[in-house]
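The values are calculated or read from the model by the stated rules, or taken from the named source; none is laboratory data. Please read all numbers here as calculations on a predicted model, not as lab measurements. Cβ atoms come from the backbone with ideal geometry, glycine included; neighbour counts cover every protein chain shown. Remember, those area values only see protein heavy atoms, side chains included, never the ligands or the DNA or RNA. Shrake-Rupley method; radii C 1.70, N 1.55, O 1.52, S 1.80 Å.
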Amino acid sequence: MKPNSDKPQHSAETIGIAAALAAYGLWGLAPIYFKQILSVAPLEVIAHRIVWSVPLLAGFLWWRRGSAFLDAMRLPRRTVLVLLGSGTLVAANWLIFVWAVMNNQVLATSLGYFTGPLVNFMLGFLFLKERLTTVQTTGVIIAAAGTVYLGWFLGATPWISLSLAFSFGAYGLIRKMLGVTPMVGLLWETLLLALPALLYIAWSGHNGTLAFANEGLKIDLLLMLAGPVTVLPLVWFNVACRALRLSTMGFFQYIAPSLTFLLSVFVYGETFTRGHAVAFSCIWFALFMVSVETVIRSRRIRSLRGREGIAG
């Protein structure tokens, strides 16, 4: 009987799909967690997110690599300094997100993360000299037009959405240029920010504004959960990236802002204006165009490789 060689591949893909759904699902439902700690200052939330992430990341890397992970942590001084900058960027991104959720601006975070992939195209073109296709260029222009209309309609710049999109885009750009593995890079970033985070916690405790250890066991446990809420989706994301094609992962990335969008409108009752309808429609249409083109291009590449294999 001929063994089924496709079975291990299908099993890996199944695990990858489950991991991607778990990662993006938790990211999309994160506002539910942050809504439970509204009494805590956003800066304290970020401080706990950083501090509790360090042992989890270190433990995960030790479990996966053993003592070899210590060798991976040995990086040039210049690289560590750049990671300090990228860590500051991602911490700022976290802070904006947490502040927005706590101030009933969940819809704005959804718009920001939907805009993210299109910002990545633009940053890649500007800084990495990546060529944009006609469809990608058109998508960026359509999304920009929708965002400008939203700003005009509201009478104010949608700074939360733009800040989230550009801060995370800049973070991704720096990390791409740096070439450090995701988990090792994040551990370095949290390690570098752990001292300022601990100093802030100590300062808040001295001033009597610290929530941890002062607002009851429930708040303490929720703040300690900030570590798993940060690290677990990243672990699942890495598992998914190893098992799935990049084009497949591209579709999963829309799960998180979609869940956030549904939460903001149907659970938290945030106002969805005509300006939001136009902006979201423009971005969704742009993402649809880019996604369809990506699928078509991916199929063409696989077809050409298949023909070359047959010819060889």
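Step through the residues of region 185-193 one at a time and calculate ³J(HN,Hα) from phi using the Karplus curve (6.51 cos²θ - 1.76 cosθ + 1.60, θ = phi - 60°), rounding each to whole Hz and writing x for Gly and Pro.
Each residue of region 185-193 in turn: x, 5, 4, 4, 4, 5, 4, 5, 8 Hz.
Which residue, Trp94, Trp27, Trp62, tops the fluctuation ranking in a GNM of the chain built on C-alpha contacts under 10 Å?
Of Trp94, Trp27, Trp62, the Gaussian network model singles out Trp62 as fluctuating most.
Per the Kirkwood treatment, what hydrodynamic radius in Å, one decimal, follows for region 222-283 from the mean inverse distance over all distinct Cα pairs?
For region 222-283, the Kirkwood estimate is 14.2 Å.
Roll a 1.4 angstrom probe over the protein heavy atoms and tell me the percent of accessible area of the chain that is carbon or sulfur.
Numbers: 11400 of 16730 Å².
Roughly 68 percent of what the probe reaches on the chain is carbon or sulfur.
Starting at 0 and stepping by 10 Å, how many percent of the alpha carbon pairs of region 43-175 end up in each bin?
11, 30, 32, 20, 6, 1
Return the equivalent ellipsoid semi-axes of region 22-75 as a descending list in whole Å, where each equals the square root of 5 times an eigenvalue of the C-alpha gyration tensor.
Equivalent ellipsoid semi-axes, largest first: 29, 15, 8 Å.
Considering only Gly87, Val290, Tyr200, whose Cα is most displaced toward the positive end of the charge dipole of the chain, charges sitting on Cβ of Lys, Arg (+1) and Asp, Glu (-1)?
Projecting each Cα onto the dipole axis, the largest value belongs to Val290.
Over the chain, what is the relative contact order in whole percent, taking alpha-carbon pairs under 8 Å and six or more residues apart? Write down the numbers at each step before the final one.
Numbers: 328 pairs, mean separation 124.5, N = 312.
Normalised by residue count, the contact order of the chain is 40 percent.
Per residue and in cubic angstrom, what volume does the convex hull of the Cα atoms of the chain have? Please list the in-between numbers first.
Values: hull volume 58.7 nm³, N = 312.
Here the figure is 188 Å³ per residue.
How are the C-alpha pair distances of region 212-258 spread across 5 Å bins, as whole percents from the shortest bin up?
Spelled out bin by bin, region 212-258 gives 5, 18, 17, 17, 13, 10, 9, 7, 4, 1 percent.
Counting C-alpha atoms alone, how compact is region 83-157: give Rg to one decimal and Dmax as a whole number, in angstrom.
14.6, 39
Roughly how many debye, to the nearest 20, is the charge dipole of the chain about its Cα centre, given +1 on each Lys and Arg Cβ, -1 on each Asp and Glu Cβ, and no other charges?
Around 1160 debye, computed over the chain.
Name the most mobile residue of Thr88, Thr133, Thr109, meaning the one with the largest mean-square fluctuation, in a Gaussian network model of the chain with Cα contacts below 10 Å.
In the Gaussian network model the winner is Thr133.
I need the semi-axes of the equivalent ellipsoid of region 120-219: take the C-alpha gyration tensor, multiply each eigenvalue by 5, square-root it, list largest first in whole angstrom.
37, 23, 10
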